Amino acid sequence: MFLKNKKYLFDGGSGQTLMEMGLETKGDLWSAQALLNENNHQMVVDMHKNFINAGSQLIVTSNFSVRRRLLKNYNLLDKFEFGIRSAGALALKAKNESDKKVIVAGSLPNQGVTYSPIHFETDETMFNYFHEIAKILKDYVDIFYLDVLCSIKEIKIALEASKEFNKQVLVGVHLRYDGKLPSGESLDELFETIQKFNCCGIVSACVSPEIINLSIPIFNKQKLPFGYKMNLFKELPTSNEEKFNSEGFEENYDYIDPVELLGTRNEEFGEEKYKKFVLNSLNEGVTLVGGCCEVKPRHIEAIKNLF
């Protein structure tokens, strides 16, 4: 999927971008509200098109929060399939309307707690969850994207669950303050595991600029195209050694916008600083670049001429 030595510009964070566009939601239901309510569907299409028009060559379906555990908390479990299918259909619609060569990546998100290796289901149940999502998305997407997964066990299960659909997989692994997975496993261990599957690339997913810099020399030791999706929240539970929390971030808090709890580095990382960071990383071997939470279309537009 990704050509050797070619640079690719991904999208940014769909959830926070939708909220900036006016999405009314609450807590960890987050971007799922845009998919579950048909009145918000045009907003999702516009969000994807905003990233495409800004320069994104790859967009990720916006179903990160459409997870059975989360929907159950809001008595919305019956909307699960509708939410996933809507994510695929709306991303594909945005691609087709843009009339540009865009890769659509189908999100296979963490099935436990966000930023955490903790799970509450059996391996078989996790396999079935990933398989179900992949089966729904397969007709809308070009590749699958493992979206902020936090342990080798979960990554391997997701790869096994999706392989029957014969699509390449972009591995999006979350990393903690020391460049390891939240599970404590090393990237070297992960590299060995994913060699057995049809992976087209690997990125550090939803991580701070500091962790990106820490991880680049490690990614350079393997052969797949690699890069990152930068997170610009200020206080992730995994980013600081003193505050490290393996329990991740979920519904134990009362909030509307995650920025209320996690803060933002959006002013610190304006377009010029973001561009300088990306340029430096490209010079160090990175070829896959995108954003996650708090990275908006304006950030992508600021760096499009680097690709």
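The values are calculated or read from the model by the stated rules, or taken from the named source; none is laboratory data. Computed from a predicted model, the values in this text were never measured in an experiment. A quick note on method: Cβ atoms are made from the backbone with ideal geometry, for glycine too, and the neighbour counts reach across all protein chains shown.
Points worth noting:
- Taken over the range 265-307, the criterion of being over 17 Å from the mean Cα position of the chain (by Cα) and small (Gly, Ala, Ser) is satisfied by GLY270, SER281, GLY285, ALA302.
- Tallying residues that are more than 18 Å from LYS93 (Cβ to Cβ) and over 20 Å from the mean Cα position of the chain (by Cα) within the range 1-50 yields 6.
- Residue in the range 277-295 that is at pLDDT below 95, of a type outside the set (Asp, Glu), farther than 22 Å from HIS48 by Cβ and surrounded by fewer than 22 Cβ atoms within 10 Å (Cβ to Cβ) present: no
- Helices (runs of 4 or more DSSP H) completely within the range 66-156 that count 3 or more residues being among the small types (Gly, Ala, Ser): 80-98
- SER116 vs. criteria among the polar types (S, T, N, Q) and in contact with a helix residue (DSSP H, G or I) (Cβ under 9 Å, 6 or more places away or on another chain): no
- Residues in the range 219-243 that are in a loop (DSSP other than H, G, I, E, B), of a type in the set (A, V, I, L, M) and crowded, with 23+ Cβ neighbours inside 10 Å: LEU232, LEU236.
- Residue check, TYR115 farther than 16 Å from ILE59 by Cβ and buried (at least 23 other Cβ atoms within 10 Å of the Cβ): yes
- Unique match (being within 22 Å of LEU58 (Cβ to Cβ) and among the basic types (Lys, Arg)) among LYS153, LYS163: LYS163
- Residues of the range 202-218 classified as in contact with a Leu (Cβ under 7 Å, 6 or more places away or on another chain) and either surrounded by 21 or more Cβ atoms within 10 Å (Cβ to Cβ) or of a type in the set (Ser, Thr, Tyr) (or both), total: 7
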